[in-house]
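Values in this text are rule-based calculations from the coordinates and carry no lab data. The shown structure was predicted, so the numbers you read here are calculated from the model rather than taken from an experiment. Please note: Cβ atoms are built from the backbone with ideal geometry, for glycine as well, and neighbour counts cover all protein chains shown.
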Amino acid sequence: MMRQMPAGACDCHFHVFDARFPFVPDAVFHPPPASLDDYLVLAASLGLERAVVVHPSPYGTDNRCSVEVAARLGPKGRAVAVVDDLVTDSELRELDGQGVRGIRFNLVQAGAATLAMLEPLARRVAGLGWHVQLHMLGGMIAEHEALLTRIAAPIVFDHHGRTPLPEGQEHPGWHALRRLVDGGRTWVKLSGPYQDSKLGAPGYDDVLVLGRALVKAAPERMLWGSDWPHVTEPAKPAARPLLDYLFNCVDSDADLALILRDNPAEVYGFD
């Protein structure tokens, strides 16, 4: 379904891989280089004007690549970093000045930040106005709902909260996700539908049911990301169908503007 792209549309989830910055020795993924210049060509073709680079797990807590990307993007860019419990308050303040607006916990591919670090780190970054971005499987969200409810910082869940299929809306993780969203301090990225879809491209129709349900329940709590360059996928998906997927999740240009412009402005501090 064709819709009007709002001015200031934002991609809230992409990665850059630069050979100048080495991966950690125990990296689960070893993606090939994926440059900011290549990403910007893609973003322009989709009508995207703002972008949030998400620090990828292969770099561990070395945020130099993502900080450099945010600097090049300038006022139209932000970053989500990865830190562990050794990070100092002065280092967090420095990252804040470099455009970082959140910290990511990849609890699916075992990133540098662990679940045990979540509550204390959330408390520390909340004072900066940051959020915690969580890549968790639906079952983990259900298991740790009490923890997620009490942490000090807002939450952004990756990839539809990784709700398992075919259970979908019958899965405990979905119910936990909905309760967290209803609490008013949680956002969900309508990104990476290929992560859990059994039906696949081009429509990802099984995940689309979840995406539409989330938008119907709380459009003011939804975000979108391309997940470029799709490091989990051997066969790289085309970008346009992933944006079309979002278009199919919404019933109005007003909701599209919320998801692509207004909600990212709130979460990442765009002017």
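Structural remarks
- Karplus 3J(HN,Hα) series, Hz, for the range 49-59 with 6.51 cos²θ - 1.76 cosθ + 1.60 (x for Gly, Pro): 10, 10, 7, 10, 7, 9, 5, x, 4, x, 8
- Approximate spin-label separation ALA152-ALA7, in nm, with each point projected 7 Å along Cα-to-Cβ: 3.8 nm
- Put in order of Cβ neighbour count within 10 Å, fewest first, the listed residues THR232, THR61 become THR232, THR61.
- Working from Cα pairs under 8 Å separated by at least six residues, relative contact order for the range 10-268 is 17 percent.
- Counting only DSSP H runs of at least 4 residues, each contributing -39500 (n - 2.57), and dividing by the residue count of the chain, the helix-based mean residue ellipticity at 222 nm comes to -10500 deg cm²/dmol.
- Size of electric dipole in the chain: Cβ of Lys, Arg +1 and of Asp, Glu -1, about Cα centre, debye, nearest 20: 260 debye
- Grouping the Cα pair distances of the range 10-268 into 5 Å bins from zero gives a pair-distance distribution of 1, 6, 14, 19, 21, 19, 13, 6, 1, 0 percent in increasing distance order.
- J(HN,Hα) series, the range 128-136, from Karplus relation 6.51 cos²θ - 1.76 cosθ + 1.60, nearest Hz, glycine and proline x: 8, x, 8, 10, 10, 9, 10, 9, 9
- Total formal charge among the other residues, if their Cβ is under 11 angstrom from that of TRP174, Lys/Arg +1 and Asp/Glu -1: +1
- Full extension of the segment from VAL209 to SER35, taken as 0.36 nm per residue of separation minus the current Cα-Cα distance, would add 59.3 nm.
- The dipole here belongs to the range 126-271: it is taken about the Cα centre, uses +1 on the Cβ of Lys and Arg and -1 on the Cβ of Asp and Glu, and is about 200 debye.
- The alpha carbons of the range 118-178 occupy a box of 39, 20, 14 Å along the principal axes, longest dimension given first.
- Relative exposure of SER35, SER57, judged by other C-beta atoms within 10 Å (fewest first): SER35, SER57
- What the Kirkwood sum gives for the range 75-181 is a hydrodynamic radius of 14.3 Å, with every pair of different alpha carbons counted.
- In order through the range 228-245: 3J(HN,Hα) via Karplus (6.51 cos²θ - 1.76 cosθ + 1.60), integer Hz, x for Gly, Pro: 4, x, 6, 5, 7, 10, x, 9, 6, x, 6, 6, 4, x, 6, 6, 4, 4
- Taking the Cα centre of the range 76-122 as reference, the dipole from Cβ charges on Lys and Arg (+1) and Asp and Glu (-1) amounts to some 360 debye.
- Rough spin-label spacing in nm, given labels placed 7 Å along Cα→Cβ, for LEU46 and GLU119: 3.7 nm
- For TRP228, residues with placed amide H under 5 Å, excluding near neighbours: HIS15
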